[in-house]
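Enquirer: Here it is, the structure in full.
The values are calculated or read from the model by the stated rules, or taken from the named source; none is laboratory data. Everything quoted here is computed from the prediction, not taken from an experiment. Neighbour counts are summed over all protein chains in view; Cβ atoms, including those assigned to glycine, are modelled from backbone coordinates with ideal geometry. With ligands, DNA and RNA removed, areas are computed over all heavy atoms of the protein, side chains included. Shrake-Rupley method; radii C 1.70, N 1.55, O 1.52, S 1.80 Å.
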Amino acid sequence: MIMFDIDGTLLDHDKKLPISAKEAIRSLKEAGHEVAIATGRAPYFIKDIREELEIDSFVCFNGQYVEIENEIIYKNPIDKELLMHLSDYSITNAHPLVYMGDEFMKSNIGYHSEIEESLTSLNIDTAQIEMNANYYNDTEIYQTLLYCKEHEESFYRNNLGNLNFIRWHEYSMDVLPLGGSKAKGIEKFIEKKGFRKEQVYAFGDNLNDIEMLQYVGHGVAMGNAPEIVKNAARYITKDVSEDGIAHGLEMVGLLS
């Protein structure tokens with residue numbers, strides 16, 4: 001079982017899928033291995049890459065939503081009362097939020113340059129994000145984007161201890177249920193599929209990949225990962241733009 005993060009792992013620094021990575025995944029599947037995606041993105045933001053790689057199983061929202069072969073097998077939404085507190089604090093501090101449901105993402109504010117800059121870096125069209133400050137009351141929210149600078153994040157960590165905060169951008173943090181991580185989603189995934197941890201490989205490059213890399217039997221950090229992420233992995237491959245996926249799979253013996 002091989003799990004792949006997307007940004008900085010499958011997709012390079014220009015948000016392109018290297019030919020070597022695409023060919024490597026095809027070879028894995030031809031050899032009979034199970035291949036899936038484990039990402040912080042929402043399901044509606046991975047359709048193109050799933051279609052290109054012919055992958056129909058994934059862990060999204062950093063582990064809060066798991067789908068295997070078009071069947072939803074795990075959902076872990078954020079508690080609505082906690083979302084209310086988060087929303088109140090964010091309004092008080094003039095920090096925007098983007099609520100992420102399983103079908104749409106909506107902001108609690110109109111246009112904001114930091115939302116635009118961060119999501120554009122992922123090639124996400126922000127024009128489709130409508131404003132709806134009460135969205136969390138209307139649907140299950142699996143992840144929220146909180147827009148604040150690093151020196152401001154301690155306020156939220158200190159006052160909302162039942163939520164998990166993971167920085168992914170200079171301007172933004174992922175907000176998850178306490179204990180939520182890609183590792184938890186993968187745990188549910190492999191329980192359903194019947195794999196042991198020792199049979200699972202995972203490739204990642206950022207802070208939201210640390211638990212995943214520590215949990216699986218064979219964690220592989222990309223060469224472009226920060227040192228704290230590399231320290232969590234069993235192996236370190238090359239940079240994503242230097243055929244890091246193909247090299248890493250060869251390194252661990254899954255490709256010849």
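Enquirer: Going by what's in this entry, would Lys197 be described as surrounded by fewer than 22 Cβ atoms within 10 Å (Cβ to Cβ) and either in contact with a strand residue (DSSP E or B) (Cβ under 7 Å, 6 or more places away or on another chain) or more than 23 Å from Asp239 (Cβ to Cβ) (or both)?
Expert: Spelling it out, Lys197 is indeed surrounded by fewer than 22 Cβ atoms within 10 Å (Cβ to Cβ) and either in contact with a strand residue (DSSP E or B) (Cβ under 7 Å, 6 or more places away or on another chain) or more than 23 Å from Asp239 (Cβ to Cβ) (or both).
Enquirer: Looking only at segment 141-157, how many residues end up being exposed (fewer than 15 other Cβ atoms within 10 Å of the Cβ) and either in contact (Cβ under 8 Å) with a residue 12 or more places away in the chain or in contact with a Cys (Cβ under 9 Å, 6 or more places away or on another chain) (or both)?
Expert: 4
Enquirer: Now, a different point. For segment 29-84, which fully contained strands (runs of 3 or more DSSP E) count at least 1 residues that are in contact (Cβ under 8 Å) with a residue 40 or more places away in the chain and under 17 Å from Val200 (Cα atoms)?
Expert: Because the criterion is at least 1 residues that are in contact (Cβ under 8 Å) with a residue 40 or more places away in the chain and under 17 Å from Val200 (Cα atoms), the strands (runs of 3 or more DSSP E) in segment 29-84 that meet it are 35-38, 57-60, 65-68.
Enquirer: Only one of (1) hydroxyl-bearing (Ser, Thr, Tyr); (2) open to solvent by 50 Å² or more (accessible area, probe 1.4 Å); (3) under 27 Å from Lys47 (Cβ atoms) is not met by Thr126, so which one is it?
Expert: (2)
Enquirer: Return yes or no: is Leu86 surrounded by 16 or more Cβ atoms within 10 Å (Cβ to Cβ) and touching a helix residue (DSSP H, G or I) at 6+ places or on another chain (Cβ under 7 Å)?
Expert: No.
Enquirer: If you don't mind, another one. Can you name every residue in segment 183-232 that is closer than 21 Å to Tyr74 by Cα and acidic (Asp, Glu)?
Expert: Glu187, Glu191, Asp209, Glu211
Enquirer: Going by the structure shown, is Ala232 open to solvent by less than 20 Å² (accessible area, probe 1.4 Å) and not in a helix (DSSP H, G or I)?
Expert: Taking the combined requirement at face value, the residue satisfies it.
Enquirer: Right, something else. Go through segment 129-214 and tell me which helices (runs of 4 or more DSSP H), entirely inside it, have 2 or more residues that are within 18 Å of the chain's Cα centre (by Cα).
Expert: Fully inside segment 129-214 and qualifying: 182-193.
Enquirer: Further question on the same structure: Which one of Glu81, Glu67 is open to solvent by less than 40 Å² (accessible area, probe 1.4 Å), at pLDDT 95 or above, within 24 Å of Ser181 (Cα to Cα) and acidic (Asp, Glu)?
Expert: Going through Glu81, Glu67 in turn, the sole match is Glu67.
Enquirer: Could you look through segment 64-114, keep only residues that are closer than 24 Å to Phe155 by Cβ and small (Gly, Ala, Ser), and pick out the one that is nearest to the chain's Cα centre (by Cα)?
Expert: Ser107
Residue-by-condition table, conditions (1) among the hydrophobic types (A, V, I, L, M, F, W, C); (2) in contact with an Asp or Glu (Cβ under 7 Å, 6 or more places away or on another chain); (3) free of Cβ contacts under 8 Å to residues at least 24 places away in the same chain:
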| residue | (1), (2), (3) |
| --- | --- |
| Leu178 | yes, no, yes |
| Ile186 | yes, no, no |
| Ala202 | yes, no, no |
| Pro226 | no, no, yes |
| Arg234 | no, no, yes |
| Ile245 | yes, no, no |
